[in-house]
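Here it is, the structure, as structure tokens.
The values are calculated or read from the model by the stated rules, or taken from the named source; none is laboratory data. Quantities reported herein were computed from a predicted structural model and do not represent experimental measurements. Virtual Cβ from ideal backbone geometry, glycine too; neighbours counted across all protein chains shown.
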Amino acid sequence: MNYIKTSHDNGGFTLIELSLVLFIVSLLLGGLLMPYATSVEQRDREDTAETLENIKEALYGYALVNGHLPCPDCETVFGCAGGDADDVVDDGLEDRVNATGVCVVPTVSSNVTGNLPWATLSVPQLDAWEKPFTYSVTAAFAVTTPLFDLTTNGAIDILDQDGAATPLIAQNIPAIIVSHGKNHYVPVQSADEVENFDRNAAIFGTTNNILTTYSGDTAGEFVYKEYTLISGQIAFDDMMIWLSPFVLKNKLIAAGRLP
């Protein structure tokens, strides 16, 4: 008897079978990649949290040695205007007017804000996403004359969301360090994240700067909340740490720096 092979006997796959295999493979890959991306994000946040803790300790150490907190490092040439010759933009060194001891960065609502002076503090320059930290300090805690004392109050408040009427998490803070997370300086951010840029409009309200749209926040106010996703997109991923005025003063009392 003659045997005629059918199309099903040639060992090949039909288009439907191939499509089904590709669909299953894509599901498997998606299931593997999503947990991997989540684990990478978690690791980056843990690394950044550790760096923030080290920066806080470095700031306390700086204050113990000098009797005051460091000034920010200028972020742009607009911020360094009027400084000394050694005040260089984004070199990691604090920028201070040597003759008067005040910070070069203009004071806005009693605070000065710029990049973290990482070289001055001998700490990492960047967070886990390779972006600079924001450093904001109450000017009265950073000047060299007069040095702050037990009656000096910080001018930084931490809120649980954007808006002056929201409950305070912390108040009268001398200084704060912020990592803007994975979505650092992107065109679209939540109002809470925009608040954490805390930029000086005199510096960042120009068409030559990429942060022009973020110059309308309230200086001296920052928002602290849990990591938040909405529809799979980052809604809030900023990380921060701040100095307690009471811990700072207590450390200086113990070291004989105060009162």
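Report yes if some residue within the stretch 104-114 is free of Cβ contacts under 8 Å to residues at least 12 places away in the same chain and either closer than 22 Å to PRO174 by Cβ or not β-branched (Val, Ile, Thr) (or both); otherwise report no.
Within the stretch 104-114, not a single residue is free of Cβ contacts under 8 Å to residues at least 12 places away in the same chain and either closer than 22 Å to PRO174 by Cβ or not β-branched (Val, Ile, Thr) (or both).
A further question on this structure: Restricting attention to the stretch 174-208, report how many residues are modelled with pLDDT of 80 or more, under 12 Å from the mean Cα position of the chain (by Cα) and either assigned to a loop (DSSP other than H, G, I, E, B) or not aliphatic (A, V, I, L, M) (or both).
The qualifying residues number 8.
On to the next question. Got a number for residues in the stretch 99-115 being within 20 Å of ALA58 (Cβ to Cβ) and out of contact with any helix residue (DSSP H, G or I) (no Cβ under 7 Å at 6 or more places or on another chain)?
Residues that pass the stated criteria total 4.
Here's another thing I want to ask about it. Take the stretch 41-61 and flag every residue that is farther than 15 Å from PHE133 by Cβ and either in contact with a Gly (Cβ under 6 Å, 6 or more places away or on another chain) or surrounded by 14 or more Cβ atoms within 10 Å (Cβ to Cβ) (or both).
Listed by number, the residues that qualify are GLU41, TYR60.
Counting just the residues of the stretch 128-154 that are in contact with a Cys (Cβ under 8 Å, 6 or more places away or on another chain) and in a helix (DSSP H, G or I), which one comes out surrounded by the fewest Cβ atoms within 10 Å (Cβ to Cβ)?
Here the residue is ALA139.
Against the definition (in a helix (DSSP H, G or I), touching an Asp or Glu at 6+ places or on another chain (Cβ under 9 Å), more than 30 Å from GLU226 (Cβ to Cβ) and not polar (S, T, N, Q)), how does ALA119 come out, yes or no?
So ALA119 passes the test.
Any residue at all in the stretch 76-89 that is surrounded by fewer than 18 Cβ atoms within 10 Å (Cβ to Cβ), within 30 Å of ARG43 (Cβ to Cβ) and either in contact with a strand residue (DSSP E or B) (Cβ under 6 Å, 6 or more places away or on another chain) or not β-branched (Val, Ile, Thr) (or both)?
no
Considering only residues that are in contact (Cβ under 8 Å) with a residue 40 or more places away in the chain and polar (S, T, N, Q), which ones fall in the stretch 153-176?
Passing the criteria: ASN153, GLN161, ASN172.
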